[in-house]
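Nothing in this text is a laboratory measurement; each read-out follows from the coordinates by a stated rule. Please read all numbers here as calculations on a predicted model, not as lab measurements.
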């Protein structure tokens, strides 16, 4: 049986024509869903963003990441949220950070789009109790919880697997090469989505899409 975990590929390009080119390349390589990193665009304009989403015409996560969580959006918080809100009717998921104002998260969730409420820490991995608190808060506000942490040792990566084993509708990632295996193991815990690299690595430890797909389905013919 093929893995039910969807492979998402971030599209992190600064120009619209490059977004479309890379998106099509990733689709051809086997992506299940694309993450449109709107914050990577030089001059995010909603009219162009809408046209781009419609032209690509593929399952998509709209993400407009803030700088404190690894993003590049340079406008105001109101402008950032307004773009995500307008994208809600065009995409399958909207990713919005937990540190965003609850009012903004609720506003996007109330559109009916599936929301991924996310939290990233590029410095460390908290203790399991703290991670559990973060995930529970995310699930109270949205549909899917997402956490990504930087491990300092193997024990930190095991904390992420513990979260995956106990929390439904959760994307949990241990970053860097040390934690890259958690991206593959996500499918064993029925995580809805895992992230792989297309042309660009957008987070430490991402595995290229071809390798990820092979690893997720390597036991397909084990009983043949």
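Taking all Cα pairs closer than 8 Å and separated by 6 or more residues, the relative contact order of the range 6-216 comes to 18 percent. The orientation-averaged shadow of the Cα convex hull for the range 105-198, equal to a quarter of the hull surface, comes to 6.2 nm².
In plain terms, the C-alpha convex hull of the chain casts an average shadow of 11.8 nm² when viewed from every direction. In plain terms, the chain from residue 166 to residue 190 could stretch by 7.6 nm, reckoned as 0.36 nm per residue minus the Cα-Cα distance. Between the range 161-179 and the range 54-75, the C-alpha centres lie 22 angstrom from each other.
Of 164, 41, 154, the residue with the greatest mean-square motion in the GNM of the chain, using alpha carbon springs below 10 Å, is 154.
Inverting the pair-averaged 1/r between distinct Cα atoms of the range 148-198 gives 10.7 Å as its Kirkwood hydrodynamic radius.
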